Amino acid sequence: MICGLEEVAFRYPGRSANALTDVDLAVAEGTHVALVGPNGAGKSTILRLLTGVLTPDVGKATVLGHAAADWKRRDLARHVAVVSQGGEAEVPITVRELVGMGRHPYLGAWSPLTREDHATVDACIDSVDLTELSACDIRELSGGELQRARLARALAQEPRILLLDEPTAHLDLGHEAGFMELVSQYTVQQGVTVVAVTHHLNVSARFADRMVLLASGSVLREGPPGEVLTPELLEAAFHWPVEVVDLGVLGRHAIAGTRVSGDGPS
Ligand code: ADP
C-alpha cells in the first residue's frame, strides 16, 4: 500500500454527522483508483485526509508509511501532487511559470530554477502537448488547455502519487477522454499511482483499475469496475434507477434510468 486509510472516521467541526465512518482504503503502488459516489459521500474529504489538510478523528491516513498530517508540506509535495479545477492566484502567469511552480518543493527559498529544473519543466509541458502555448498567459487558455497545464505542473513535481480532484468536471467528452488518456499514459509509463475523485462513472470505469463506491461517508463497494458498476450498487448509492451496459473495450457504462414514481435524490 502506497497510501490509504485505516478504519477512519472524520467529522467536520460543528457538524452533527460524520463525513466518513469506518473507511478502509488501501491504494496499491502503480494502480489507478477512482473514488465515486453521490455529492456529499465523502470523496473530497478522503483527498484532504491523504494530503494531511485534515487529520482523522479515529484511525489513520497514511502516505508512504507515515501519517499524512506528519509530513512537512514541502516533503509531501515531492511525493504527492494534486490536480483540481483551480487554485491559482489571480495574477498574470504564463504556462511555463505555472509548470515551473511544480519544481518549488525541490528548490531552496528564493532559489531560481536550475538548468535541470528547466529541462524537467520543458519535458512536462511537452508531455501534455502545450509547447506552442508555453509563453501564453494561463487566463487565455481554453478549459482543456488549462487542465493540461495544471497536469504538467503536477508532473513537474515528479510525484509518486497523483491525486485528481474532479479535474475534468468542466471538460467536454472529447477533452475529458484526452485528459484521462494523458494521465493514464504518463502514470503507467512512470509507475505513478493515481487516486481520482470523479462524478464520471463511465470514464473512471475505463481508466481505473479499481473503483471505490462511497455513500453517506462509508464504502459501499471496492473492487474492479466490473464489480462496482452494477445496477443494484449504483441505485443504492445514487437513489436513482441505473442501467449498466457492457461496451466491451469501452468498458461498462452506467446510464441513469427513468424513475416512474417518487422523488429524485435531494
Ligand atoms: P463529496 O466530495 O463526496 O461531494 P465531501 O467530502 O465534500 O463529499 O463532503 C462529505 C460531507 O462533509 C458532506 O456532508 C459535506 O457537507 C461535509 N463537508 C465537506 N466539507 C466541509 C467543510 N469544509 N465544513 C463542514 N462540512 C463539510
Single unsatisfied condition, ASP165 versus (1) under 30 Å from GLU6 (Cβ atoms); (2) surrounded by fewer than 16 Cβ atoms within 10 Å (Cβ to Cβ); (3) in contact with a Ser or Thr (Cβ under 6 Å, 6 or more places away or on another chain): (2)
Checklist (1) closer than 18 Å to PRO159 by Cα; (2) touching a Gly at 6+ places or on another chain (Cβ under 8 Å); (3) within 13 Å of the ligand (Cβ to nearest atom) applied to GLY30, failing item: (3)
Of the criteria (1) charged (D, E, K, R); (2) within 23 Å of ARG73 (Cα to Cα); (3) part of a loop (DSSP other than H, G, I, E, B), which one ARG150 fails: (3)
The range 92-107: number of residues that are in a loop (DSSP other than H, G, I, E, B) and touching a strand residue (DSSP E or B) at 6+ places or on another chain (Cβ under 9 Å): 2
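Could you grab me the full set of residues in the range 1-36 that are of a type in the set (Val, Ile, Thr) and either in a strand (DSSP E or B) or free of Cβ contacts under 8 Å to residues at least 60 places away in the same chain (or both)? It would help to see each step written out before you state the result.
Let us first name the residues in the range 1-36 that are of a type in the set (Val, Ile, Thr), namely 2, 8, 21, 23, 27, 31, 33, 36.
Scanning the range 1-36 gives VAL8, THR21, VAL23, VAL27, VAL33, VAL36.
Go through the range 37-66 residue by residue and tally those that are assigned to a loop (DSSP other than H, G, I, E, B) and either within 12 Å of the ligand (Cβ to nearest atom) or among the hydroxyl-bearing types (Ser, Thr, Tyr) (or both). Outline the logic, then answer.
Step one: list which residues in the range 37-66 are assigned to a loop (DSSP other than H, G, I, E, B), which gives 37-42, 51-57, 64-65.
Retained after the next criterion (residues that are either within 12 Å of the ligand (Cβ to nearest atom) or among the hydroxyl-bearing types (Ser, Thr, Tyr) (or both)): 37-42, 51, 53-55.
Residues flagged as assigned to a loop (DSSP other than H, G, I, E, B) and either within 12 Å of the ligand (Cβ to nearest atom) or among the hydroxyl-bearing types (Ser, Thr, Tyr) (or both) within the range 37-66 amount to 10.
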Strands (runs of 3 or more DSSP E) contained in the range 155-266 and holding at least 3 residues within 16 Å of the ligand (Cβ to nearest atom): 161-165, 193-197, 210-215, 218-223
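Rule-based calculations on the coordinates, nothing more; no lab input. Fair warning: this is a prediction, and the values are worked out from it, not measured in the lab. Here Cβ is always computed from backbone atoms with ideal geometry, including for glycine, and neighbour counts include all displayed protein chains.
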